1. Note down all Cβ pairs under 7 Å where the first residue falls in segment A:50-63 and is over 15 Å from A:M22 (Cα atoms), the second is part of a loop (DSSP other than H, G, I, E, B), and they're at least six residues apart or on different chains.
2. Determine which single condition B:D39 fails, assuming it passes every other condition in (1) within 14 Å of chain A (Cβ to nearest Cβ); (2) within 17 Å of B:D109 (Cβ to Cβ); (3) of a type in the set (D, E).
3. State all residues of segment A:213-247 that are among the hydroxyl-bearing types (S, T, Y) and within 14 Å of chain B (Cβ to nearest Cβ); if no residue qualifies, say none.
4. Kindly indicate which of B:A54, B:A6 is among the small types (G, A, S), part of a loop (DSSP other than H, G, I, E, B), modelled with pLDDT of 95 or more and within 14 Å of the chain's Cα centre (by Cα).
5. Would you mind stating whether B:E15 is touching a residue at least 24 places away in the same chain (Cβ under 8 Å), away from chain A (no Cβ under 14 Å), within 15 Å of the chain's Cα centre (by Cα) and surrounded by fewer than 14 Cβ atoms within 10 Å (Cβ to Cβ)?
6. For the condition open to solvent by 50 Å² or more (accessible area, probe 1.4 Å) and either in contact (Cβ under 8 Å) with a residue 24 or more places away in the chain or part of a strand (DSSP E or B) (or both), what is the one hit in A:T182, A:T191?
7. Filter segment A:318-330 down to residues that are touching a strand residue (DSSP E or B) at 6+ places or on another chain (Cβ under 6 Å) and more than 16 Å from A:R226 (Cβ to Cβ) and give me whichever is farthest from the other protein chains (Cβ to nearest Cβ).
8. Considering only residues that are modelled with pLDDT of 95 or more and among the small types (G, A, S), which ones fall in segment B:57-67?
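The values are calculated or read from the model by the stated rules, or taken from the named source; none is laboratory data. None of the values given here were measured: they were computed from a predicted structure. As a convention, Cβ positions derive from the backbone with ideal geometry for all residues, glycine included, and neighbour counts pool all protein chains shown. Please note that ligands, DNA and RNA were not included when accessible areas were found on the heavy atoms of the full protein model with its side chains. Shrake-Rupley method; radii C 1.70, N 1.55, O 1.52, S 1.80 Å.
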Amino acid sequence: MTDTHLLKTPLHSFHIENGARMVPFAGYDMPVQYPLGVKQEHLHTRAKAGLFDVSHMGQFKLVGSNGAQALEQLLPIDVIDLPEGKQRYALLLNEQGGILDDLMVTNAGSYHYLVVNAACKVEDAAHIRAHLPEGLELQEMADHALLALQGPAAVDVLATLNPAVAELKFMDNVELTLLGETCRVSRSGYTGEDGYEISVPAAKAVALASELLSHEQCELIGLGARDSLRLESGLCLYGHDMNAETDPVSASLIWAISKARRADGERAGGFMGAEPVLKALAEKRPAKKRVGLIGSTRAPVREGTQLFDASDKPIGVVTSGTFGPSCEKSISMAYVNFGEHEVGTEVFAEVRGKKIAMTVSKMPFVEQRYVR
Amino acid sequence: MSNIPADLKYADSHEWVREEANEVVVIGISDYAQEKLGDVVFVELPEVGEEFNAGDAVAVVESVKAASDIYTPVTGTITEVNASLEDSPEQVNEDAYEDGWLFKVKMSDPEEVNDLMDADSYADQCTEED
């Protein structure tokens with residue numbers, strides 16, 4: 001059932017050889033699960049080490065002079081003082097303060113390295129290029145694959161190829177040699193676990209994946225488990241838990257606005273969308289707010305489910321939901337009216353005509369285990 | 001190849017039916033169906049005493065991916081449901097034909113069972129769908 005219009009990552013054949021069930025995702029033919037199955041893949045990642053192909057994501061180099069200043073025009077984070085070898089989470093905003101994408105920005109020394117969502121990469125690149133001053137060029141690293149190795153055993157697995165990876169701390173991002181090839185290795189990921197993301201030349205991707213997978217602690221993990229892992233860890237999925245209609249304050253992503261760029265910061269404002277975002281930040285009273293919900297039953301409460309208060313008044317909608325294999329609870333993210341967002345508030349989800357009680361809960365739903 | 005016991009009857013919507021005494025049948029989903037659904041995380045069952053027509057949606061099986069309606073292949077009254085699935089829905093994956101059964105129906109028209117497929121016909125249907 002191969003759709004010829006779908007793009008393939010350099011690991012496409014590798015997935016099929018390893019028994020993956022492939023599905024279309026963001027224009028790519030991607031593995032949703034392997035023979036282990038979504039639940040076991042999820043649990044394996046939390047217990048040992050899971051290997052993910054995330055090569056569909058967009059990798060870019062911003063090359064030229066004053067890249068940090070240019071990025072600060074577009075992103076509400078501190079790029080100028082981002083140390084070399086460090087990466088930072090950022091939101092790409094439009095003039096209204098709506099979120100166009102979320103991304104990682106690394107100071108790679110002679111350039112900035114960006115990783116953006118697959119579904120957004122064409123629009124992101126066009127948007128960034130349209131706002132770059134003379135002397136800067138955004139280059140897509142189409143000849144690179146991206147692997148994520150996640151879980152408590154990730155460090156042991158990757159250290160067999162280069163012991164230096166064990167020295168990295170959360171959000172370090174440096175060049176290291178793996179299998180004789182220069183790779184960009186960051187200690188980061190999107191599962192809430194310790195782990196790494198590895199940018200590797202496409203020609204070496206299968207060799208690296210095979211080598212990692214040969215470790216007895218390591219299993220291949222598909223998009224299905226990637227979704228439940230990130231949701232348990234309270235991490236947003238772009239296009240679901242945030243989009244161009246939501247701003248960082250509504251999305252409960254205030255932490256992604258660096259101190260230096262806030263109203264009282266040393267380089268206050270000066271980014272696209274600064275005016276509405278800093279206003280919303282000062283007011284801290286968005287019409288709707290992203291919250292975590294835990295269900296009173298095991299029934300998954302999925303994206304699109306309407307939420308009500310005790311008097312049956314509509315108060316919000318679910319944007320992601322599943323049964324969390326590790327927390328063993330029905331968990332969701334939702335946008336609810338301001339006032340219904342406090343932890344402990346009881347709301348009611350309408351599932352197949354019945355109302356299921358859910359409680360607004362703090363996120364993450366499981367403990368994050370980053371190595372800082 | 002999935003497991004399709006020869007002593008059961010099958011509906012084209014992938015439920016299996018086992019005849020017990022007194023015109024009561026046990027209903028579940030086939031091994032083929034559970035494999036297609038993936039890991040089951042939640043099962044919503046009907047109330048004992050509810051009446052349904054053949055073809056009615058009476059239960060919901062939710063996997064990590066999606067919710068799927070389960071239809072009763074026969075007309076009648078629910079006499080028992082597998083309440084252990086509330087805490088252990090994975091039994092639907094692990095033992096689709098025994099521990100993973102869903103509900104029992106007291107048939108009002110026992111002849112309906114004869115309209116269902118035997119194992120061979122159902123095996124053919126599964127092969128075609130793959």
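1. A:G50/A:G151; A:G50/A:I221; A:L51/A:I221; A:M57/A:N117; A:Q59/A:M141; A:F60/A:M141; A:K61/A:M141
2. (2)
3. A:S228
4. Exactly one residue qualifies, and that residue is B:A54.
5. The answer is no for B:E15.
6. Unique residue meeting the criteria: A:T182.
7. The selected residue is A:T319.
8. Of everything in segment B:57-67, those that are modelled with pLDDT of 95 or more and among the small types (G, A, S) turn out to be B:A57, B:A59.
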